[in-house]
1. Show me, bin by bin at 5 Å from 0, the whole-percent P(r) of the range 70-153 based on Cα pairs.
2. Return the loop-located chymotrypsin sites (Phe, Trp or Tyr not before Pro) in the range 164-260 (DSSP other than H, G, I, E, B) with at most 16 other Cβ atoms within 10 Å of their own Cβ; answer none if there are none.
3. Between E250 and R114, what length in nm is gained on full extension when 0.36 nm per residue of separation is reduced by their alpha carbon distance?
4. Looking at the chain, identify the longest residue range that excludes and avoids all GluC sites (Glu not before Pro) in DSSP loops having at most 11 other Cβ atoms within 10 Å.
5. Which of (1) 6, 27, 30, 21, 12, 4, 0; (2) 6, 23, 26, 22, 16, 7, 1; (3) 7, 26, 24, 20, 16, 7, 1 is the computed P(r) over Cα pairs in 10 Å bins from 0, in percent for the structure on display?
6. Treating cross-link reach as a plain straight distance, find the lysines whose alpha-carbon is under 18 Å from the alpha-carbon of K53, omitting any fewer than eight places away in the same chain.
7. Taking the chain as a Gaussian network, Cα atoms linked when under 10 Å apart, which of K216, K154, K194 shows the biggest mean-square fluctuation?
8. Using only the alpha-carbon atoms, how far is helix 113-123 inclined from the longest principal axis of the chain? Give it as 0 to 90 degrees, nearest 10.
Amino acid sequence: MSTIMLIMLSLNLKSCETKKDNYFDYLKNSNVELISIQNVRDKSFKFLMTDKKAINNMSDLLSKAEVSETKSDLDPDYIFQIKIGDKIEEYNYIVGDYNGNFYNDERIFTMPKRLDEAIMQNLSIIRKPRDFEYIYYNTILDTIKLNKEQLTDKKVGIDIYQDIDCLKYILSSELKEFINNAKEILPNVELVEKDTSNFDVVIGIKNRGHSTTVYKSNIKIENKIDKSEDNYYVIGEYEFNEWDYKVYHEKEVPREIKNKW
């Protein structure tokens, strides 16, 4: 059974001018016992709010929601659950998409950017690599560029869902941008959703250790047509407000790096 990571989410909200809907105002006058924010991709990762001040601050933030006609077409990043007595309200939430990004089967809202900021701030507590989206996605794109010629006529799938250690950091809005960028290099590339059997080539990513300023991963290109594999080593260090990284083919990786892997 997975261990649930519980983080006491605290919010320091500043008042701001915004058009709002009144639906969530009832939370301010209700006995909200618990607000949980569950990561969709990593079931072991959850924000748990039981502190009354934090709950009140979150309720104030939710009350600034705007009603939307349509919901986002992106996959949700988090599931919000609001517990009041025996009643639990549940909403899907998408970080970084500001059109119908907070919804359930009955209601659709757009949440202010302040909610995104609160989520990202608390991710930093667990030693998320700085500028994660840069180091994570660019190293994959660079690997695709190195293999573009041999992949051009094949159906290629990118499988990020086996990269268990990094799933909690992945956001649908950033993932969409990444796939669009990948298609500019290789038009026949797709994200693997569940099954890899429909792809000629599968690109897999496996994190090998990270902190806020160090990132290591392996990227494997598995060619099912000719039964071949190519493995790459990624090593990055965050210095002077930017990532300095290298992508090595397994035959070219320096011995001192491989020995410490």
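None of the figures in this text is laboratory data; all of them are computed from the coordinates on show. Just so it is clear, the structure is predicted and the values come from calculations on it, not from any experiment. A quick note on method: Cβ atoms are made from the backbone with ideal geometry, for glycine too, and the neighbour counts reach across all protein chains shown.
1. Percent of Cα pairs in each bin: 3, 12, 15, 16, 14, 13, 10, 8, 5, 2, 1, 1.
2. Listed in order of number, the matching sites are F240.
3. Values: separation 136, 0.36 × 136 = 48.96 nm, distance 4.30 nm.
Taking E250 through R114 to full extension adds about 44.7 nm, to one decimal.
4. Between exposed loop sites, the widest span is 107-192.
5. Among (1) 6, 27, 30, 21, 12, 4, 0; (2) 6, 23, 26, 22, 16, 7, 1; (3) 7, 26, 24, 20, 16, 7, 1, the one calculated here is (1).
6. K14, K28, K64, K83
7. Fluctuation is largest for K194.
8. The two axes meet at around 60 degrees.
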